[in-house]
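Student: Below you will find the structure I want to go over with you.
The values are calculated or read from the model by the stated rules, or taken from the named source; none is laboratory data. From a predicted model like this one, the values you see are computed outputs, not experimental measurements. Please note that ligands, DNA and RNA were not included when accessible areas were found on the heavy atoms of the full protein model with its side chains. Shrake-Rupley method; radii C 1.70, N 1.55, O 1.52, S 1.80 Å.
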Amino acid sequence: MRPESLRRGALAAALLVPLGLLHAFVLAEICIAIVDVLFLVCMAQRRDIAWARQPWFVLALIWWAWLLLCSTPLPFATFGSAGWVMGFVQAFVVLRLLVFTVALQTWLLVTPRTQKAAWLALALCGLWIGVESWQQYLTGTNIFG
């Protein structure tokens, strides 16, 4: 695929994330995964790893490694406990948020037009939250009852 078509698809997915975080968490997770995969595919096609050398990203990877270390299941501690394993899995998938953030910073929100689109998506979500709050305050119920 061409890099520009990858970028357009990823931008559409990224703009759905705020809406997904409001009412459809699975949609937000799917959109984050789409952005991550398309970003990594595009960067692999261009053989560009400059984004991975940013100081904040390197520091975030060190923090992520520490998080993994602290969440590593220990075989001698409560053998068979699913909590340890799930904690490690949850720590492992935190990487998706770091990649999503770097994709937004270095690939998607790099032009004033895309920044304005992201701002508009966030503003609409903020407006929605405000309207929902006032509706619930005035009527005792929100739009979903």
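Student: Grab the eigenvalues of the alpha-carbon gyration tensor for the chain, scale each by 5, take roots, and send me the semi-axes largest first in whole angstrom.
Tutor: So the three semi-axes of the chain are 30, 27, 13 Å.
Student: If you don't mind, there's one more thing I want to ask. Got a sec? What order do Phe144, Phe100 fall in by accessible area at 1.4 Å, biggest, i.e. largest, first?
Tutor: Greatest to least solvent exposure: Phe144, Phe100.
Student: Convert each backbone phi in the stretch 113-125 into a coupling constant with the Karplus relation 6.51 cos²θ - 1.76 cosθ + 1.60 (shift: θ = phi - 60°), then list the ³J(HN,Hα) values in order as whole Hz, x for Gly and Pro.
Tutor: After applying 6.51 cos²θ - 1.76 cosθ + 1.60, I find 5, 6, 5, 5, 5, 5, 4, 5, 4, 5, 5, 5, 5 Hz.
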